[in-house]
Amino acid sequence: MGEPNGLRDRAAIAGIGHTEFSKGLGRSEYDMAVEAIWAACADAGISPRDIDGVVRYDIETTDEEQLLSVLGNPEIGYFASTSWGGGASASVVVHAAAAIAAGLAETVLVFRSRARGKNSVFGKGSSLGGRYWERMDERLPELNQWHVPHGLVSAFQEMAMITRRYMIDYGTTEDDFAEVAVTFRAHAGRNPHAVMREPMTIEDHHGSRMIAEPLRLFDCNIETDGACAMIITSSERARDLRQTPAIIHAGAMAAGSHHRWTSSMYSRSRDDDSAARTGRRLFERAGLTPDEIDAFFCYDFFTSFVIIALEDYGFCRRGEGGSFVKDGGLSFEGGNLPTNTNGGQLSEAFIHGQNNNLEAVRQIRGTSTAQVADAELVLVAGANTDPTGAFILRR
Amino acid sequence: MTSLRNEVLTRGRPLPLPTLDTAPFYEAARRGELRFQRCTACGTWRHYPRPACPECMSRDYEWALASGRGEVYTWTIVHPPTLPVFEADVPYNVVDVLLEEGVHFQSQVLDCPPEAIRAGLPVEAVFVPVDEEITLVKFRVTPDQSKPHSE
Ligand SMILES: [Zn+2]
């Protein structure tokens, strides 16, 4: 084994940028990506020509060739992509930091662009905007042949089944889910970029319609258009750039807990799942414990998975997530652990986690609209499915 | 863009396309048999089909006949939105069945109201032909053996 944390403090997020977020912008993913990337470069105070590495999601429709032809033809020496949407959201940052620590690149672009408003369909394939699950092949050769023919077609339906079993095993309740939704909506209310800013009460949550029991409308991520980008460079160089660097202190990834699709998702205990493994590795590499973290950004595709993430990453014990989130436990003001202070994917926008990544950087800079006092250490986690990743930022 | 959405929306019924790995499952289902891969080295059953045992990594296996009996492990009741082909059935159940052999299998319980679905509900496989090639494996609530037959 080499250095246990060979990327410790070597790279930093130096620039962030995004488009406006909306339920429908009528713009291409390509166009939105370029706007966000230029904004991130301007924020860092660099030219797009300085980019020499690109890490993207493997499902991103804007590929390297399309990008580089509009970025002043930079010289790219490193490129990579990581799996899926939620699973890639933090892993892309870990990859970028690793490339910089290994000397393979100096200035790495990470981005995600999504036209996923309900009517933002721009083609036939499921990756081409709108709701992916509404354009399903009618003959399924992949693993989704085991559940789609029975009417389980979308992520919210699949995750409803995991949520139900979690409620049985650990006593998590719909009231706990409501606390998460209400707290994130309150955060969004302070954020001018958030799509959903109307205040929400517990009663509003319980009154929202059932989507896939036990998940209600207000338990689910919103369907939006928008793009986010960040510029990651060496910590040394970041200190000379325009913004306060968000230093990448540690990173970890895990894959292989056997539930790429839901057909075998229950084959391991939750504590042996990829998110829990990522958490253990991350804290070990960081030399930190969960109680030292000032703010948490988790992949809030569904309220229930926020509670599961708090337990996966050891912020509380299994089954204690409900009492942990109660009475504003995730609030930026006086909560047990300020979480998704932008409003998250439940209320700000659903850019496959990148909007949460950007907000984590703002917390380190001290520029959030729901700023956590003296935030020095922030943990960002990808979707707690499989595969996944996570990283810790520090000032 | 709304019209494009309507134009490309999946309206048919999505069905499995049997592959080199999965065809034996569907051939068995067509005969009214529920078969899964079972490792002949260590005896572990597995589903979905794959070329080696997740427990002992042996590549030796058989397509073994399962009892078809199990119980509901988890479930959801689906409300809109869902694919058009399933809309007439909402609210409908989708269940994960833990079979006696230890494998999980996702399907539906037929003729069972949403409020009657629960974890631990005993169920047994039934075979529903869809076309010449595909027979879907569904479940029914296992009749309660302890109850006397009504006359
Ligand atoms: Zn075996």
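Scan the stretch A:129-158 for residues that are more than 8 Å from every other protein chain (Cβ to nearest Cβ) and touching a helix residue (DSSP H, G or I) at 6+ places or on another chain (Cβ under 7 Å) and jot them down.
Result: A:Glu158, single match.
When only residues in the stretch B:1-48 that are within 16 Å of the ligand (Cβ to nearest atom) and within 24 Å of A:Ser154 (Cβ to Cβ) count, which is least open to solvent (accessible area, probe 1.4 Å)?
B:His47
Restricting attention to the stretch A:189-212, report how many residues are more than 14 Å from chain B (Cβ to nearest Cβ), farther than 27 Å from A:Leu25 by Cβ and either surrounded by 13 or more Cβ atoms within 10 Å (Cβ to Cβ) or at pLDDT below 95 (or both).
Counting residues in the stretch A:189-212 that are more than 14 Å from chain B (Cβ to nearest Cβ), farther than 27 Å from A:Leu25 by Cβ and either surrounded by 13 or more Cβ atoms within 10 Å (Cβ to Cβ) or at pLDDT below 95 (or both) gives 3.
Taking the stated definitions as given, is B:Glu55 within 16 Å of the ligand (Cβ to nearest atom), of a type in the set (Asp, Glu) and without any contact (Cβ under 8 Å) to a residue 40 or more places away in the chain?
Against the criterion (within 16 Å of the ligand (Cβ to nearest atom), of a type in the set (Asp, Glu) and without any contact (Cβ under 8 Å) to a residue 40 or more places away in the chain), B:Glu55 qualifies.
Out of the residues in the stretch A:258-279 that are of a type in the set (S, T, N, Q) and within 16 Å of A:Ala381 (Cα to Cα), which is modelled with the lowest pLDDT?
The residue in question is A:Ser274.
Answer yes or no: is there a residue in the stretch B:82-101 that is within 16 Å of the ligand (Cβ to nearest atom) and outside any strand (DSSP E or B).
For the stretch B:82-101, residues within 16 Å of the ligand (Cβ to nearest atom) and outside any strand (DSSP E or B): present.
Of the residues A:Ala98, A:Ala102, which is under 24 Å from the mean Cα position of the chain (by Cα) and closer than 30 Å to A:Asp273 by Cα?
One residue alone meets the criteria, A:Ala98.
Could you tell me which residue of the stretch A:71-93 is modelled with the lowest pLDDT, considering only residues that are open to solvent by 10 Å² or more (accessible area, probe 1.4 Å) and among the aliphatic types (A, V, I, L, M)?
Only one residue fits best here, namely A:Ile76.
Checking B:His79 against (1) surrounded by 17 or more Cβ atoms within 10 Å (Cβ to Cβ); (2) within 16 Å of the ligand (Cβ to nearest atom), which test does it fail?
(2)
Could you list, in sequence order, all residues of the stretch A:358-395 that are of a type in the set (D, E, K, R) and more than 17 Å from the chain's Cα centre (by Cα)?
The answer is A:Arg365, A:Asp374, A:Glu376, A:Arg394, A:Arg395.
Cβ-Cβ below 7 Å, separation at least six or inter-chain, first residue in the stretch B:1-25 and more than 18 Å from B:Pro81 (Cβ to Cβ) and assigned to a helix (DSSP H, G or I), second open to solvent by 30 Å² or more (accessible area, probe 1.4 Å) and of a type in the set (Phe, Trp, Tyr): which pairs?
Close Cβ pairs (under 7 Å, with a partner that is open to solvent by 30 Å² or more (accessible area, probe 1.4 Å) and of a type in the set (Phe, Trp, Tyr)) amount to B:Pro24/B:Trp63.
Take B:Glu71 and tell me if it is away from the ligand (no atom under 16 Å from the Cβ), part of a strand (DSSP E or B) and either surrounded by fewer than 20 Cβ atoms within 10 Å (Cβ to Cβ) or of a type in the set (A, V, I, L, M) (or both).
So B:Glu71 passes the test.
Would it be correct to say that A:Ala390 is open to solvent by less than 10 Å² (accessible area, probe 1.4 Å), part of a loop (DSSP other than H, G, I, E, B) and of a type outside the set (Phe, Trp, Tyr)?
No; evaluated as a whole, the condition is false for this residue.
Across the stretch B:94-140, which residue is nearest to A:Thr163 (Cα to Cα) among those that are of a type in the set (A, V, I, L, M, F, W, C) and open to solvent by 60 Å² or more (accessible area, probe 1.4 Å)?
B:Phe127
A quick yes/no check of all residues on (1) open to solvent by 10 Å² or more (accessible area, probe 1.4 Å); (2) in contact with a Gly (Cβ under 8 Å, 6 or more places away or on another chain):
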{"position": "A:Asp300", "(1), (2)": "no, yes"}
{"position": "A:Ile307", "(1), (2)": "no, yes"}
{"position": "A:Leu310", "(1), (2)": "no, yes"}
{"position": "A:Arg317", "(1), (2)": "yes, no"}
{"position": "A:Gly328", "(1), (2)": "yes, yes"}
{"position": "A:Gly334", "(1), (2)": "yes, yes"}
{"position": "A:Gly344", "(1), (2)": "no, no"}
{"position": "A:Asn357", "(1), (2)": "no, no"}
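The values are calculated or read from the model by the stated rules, or taken from the named source; none is laboratory data. All figures in this text were calculated on a predicted structure; none of them were measured in a lab. Counting neighbours? That spans all protein chains shown, and the Cβs are built from the backbone with ideal geometry, glycine included. For accessibility, only protein heavy atoms count, side chains too; no ligands or nucleic acids. Shrake-Rupley method; radii C 1.70, N 1.55, O 1.52, S 1.80 Å.
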